[in-house]
Amino acid sequence: MAKIGYVRVSTEEQNPARQEEILKEAGCTKIFVDKMSGKDTNRPQLQKMLEYVREGDTLYVESISRLARSTRDLLNLVQQLQEKDVAFESQKEKIDTTTPQGKFMLTVFAAMADLEREQIRQRQAEGIAIAKAEGKFKGRPAAHFDKLLFAELYRQLKAGNITQKYMYEKLGICRQTLYRKIKQYEAEMENRPAAAKGKKKKQIPA
């Protein structure tokens, strides 16, 4: 009858220490940590946790949003736990699925969180639509940086001397932008030799 913890942060840069501390205070002896989006349940540590837990165990999370971002995913995961006779507790919402009240509150909180996210997305879409109509919305500005610095950092990255995190911080861009720029740069590098071969050599008059 072990107390197992599950922690999730959205990116590699976010620190899971606060969540881990809360679960340790709750008595968790083993904690699984994912550093990725909770948009679905395809998370390596989540799957390992589901395989690890046994009958009589209790899974602890800091909040229900750490386990799942949608009502459907949350309820499906809790169902999987219940089929293994594993209880579920959320510290923030004070939910305990070993009680009928806890099961009911779990559904209510999950639905409310889902509704809130949908409302935020709707407000964002409405705001963009209004801005476009007024000619104020220009989209996300393009990231500008030193191309020579990018080329040098790319060379060091490929040589294993630096990490991607160091590279995008040095360039002042986000991780997703770095991935996109690397793909563009590599595509340009591949096309350069082919273009050079297609050029005719300048003839030197006799």
*Unique residue being in contact (Cβ under 8 Å) with a residue 24 or more places away in the chain, small (Gly, Ala, Ser) and in a strand (DSSP E or B) when the list is GLY5, GLY38*: GLY5
*Could you give every pair whose Cβ atoms fall below 8 Å, whose first residue belongs to region 112-133 and is outside the structural domain of ALA68 (by TED's automatic domain parsing), and whose second residue is at pLDDT below 75, counting only separations of at least 6 or pairs across chains?*
ILE128/PHE137; ALA131/PHE137
*Can you find a residue in region 47-58 that is on the phi > 0 side of the Ramachandran plot and either more than 13 Å from the chain's Cα centre (by Cα) or of a type in the set (Gly, Ala, Ser) (or both)?*
yes
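Go through region 6-51 and give me each residue that's of a type in the set (Ser, Thr, Tyr) and out of contact with any strand residue (DSSP E or B) (no Cβ under 7 Å at 6 or more places or on another chain). Don't jump to the end; show me each part of the working.
First, pick out the residues of region 6-51 that are of a type in the set (Ser, Thr, Tyr): 6, 10-11, 29, 37, 41.
Of everything in region 6-51, those that are of a type in the set (Ser, Thr, Tyr) and out of contact with any strand residue (DSSP E or B) (no Cβ under 7 Å at 6 or more places or on another chain) turn out to be SER10, SER37, THR41.
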*So ASN15 clears everything in (1) surrounded by fewer than 15 Cβ atoms within 10 Å (Cβ to Cβ); (2) within 18 Å of GLU83 (Cα to Cα) except one condition, right? Which one?*
(2)
*Look through ARG69, ARG43 and report the one residue that is in contact (Cβ under 8 Å) with a residue 40 or more places away in the chain and of a type in the set (Lys, Arg).*
ARG69
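Which residue out of TYR6, TYR52 is at pLDDT 95 or above, among the hydroxyl-bearing types (Ser, Thr, Tyr), closer than 18 Å to GLN80 by Cβ and touching a helix residue (DSSP H, G or I) at 6+ places or on another chain (Cβ under 8 Å)?
Numbers: TYR52 fails: touching a helix residue (DSSP H, G or I) at 6+ places or on another chain (Cβ under 8 Å).
Being at pLDDT 95 or above, among the hydroxyl-bearing types (Ser, Thr, Tyr), closer than 18 Å to GLN80 by Cβ and touching a helix residue (DSSP H, G or I) at 6+ places or on another chain (Cβ under 8 Å) holds for just one of TYR6, TYR52, which is TYR6.
Looking at region 53-60, can you tell me whether even one residue there is outside the structural domain of LYS165 (by TED's automatic domain parsing), within 30 Å of LYS165 (Cα to Cα) and small (Gly, Ala, Ser)? Steps first, please.
Taking region 53-60 and keeping what is outside the structural domain of LYS165 (by TED's automatic domain parsing), we get 53-60.
Pick out the ones that are also within 30 Å of LYS165 (Cα to Cα) and you get none.
No.
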*asked:* All but one of (1) out of contact with any helix residue (DSSP H, G or I) (no Cβ under 6 Å at 6 or more places or on another chain); (2) crowded, with 21+ Cβ neighbours inside 10 Å; (3) aliphatic (A, V, I, L, M) hold for ILE95; state the number of the condition that does not hold.
replied: (1)
*Within region 9-35, restricting attention to residues that are among the small types (Gly, Ala, Ser) and assigned to a loop (DSSP other than H, G, I, E, B), which residue is modelled with the lowest pLDDT?*
SER10
*In region 8-24, the residues that are of a type in the set (A, V, I, L, M), in contact (Cβ under 8 Å) with a residue 60 or more places away in the chain and more than 21 Å from GLU55 (Cα to Cα)*: ILE22
*In region 144-165, is there at least one residue being closer than 23 Å to GLU12 by Cβ and at pLDDT below 60?*
no
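The values are calculated or read from the model by the stated rules, or taken from the named source; none is laboratory data. Note that the structure is predicted; figures quoted are calculated from it, not measured. Neighbour counts are summed over all protein chains in view; Cβ atoms, including those assigned to glycine, are modelled from backbone coordinates with ideal geometry.
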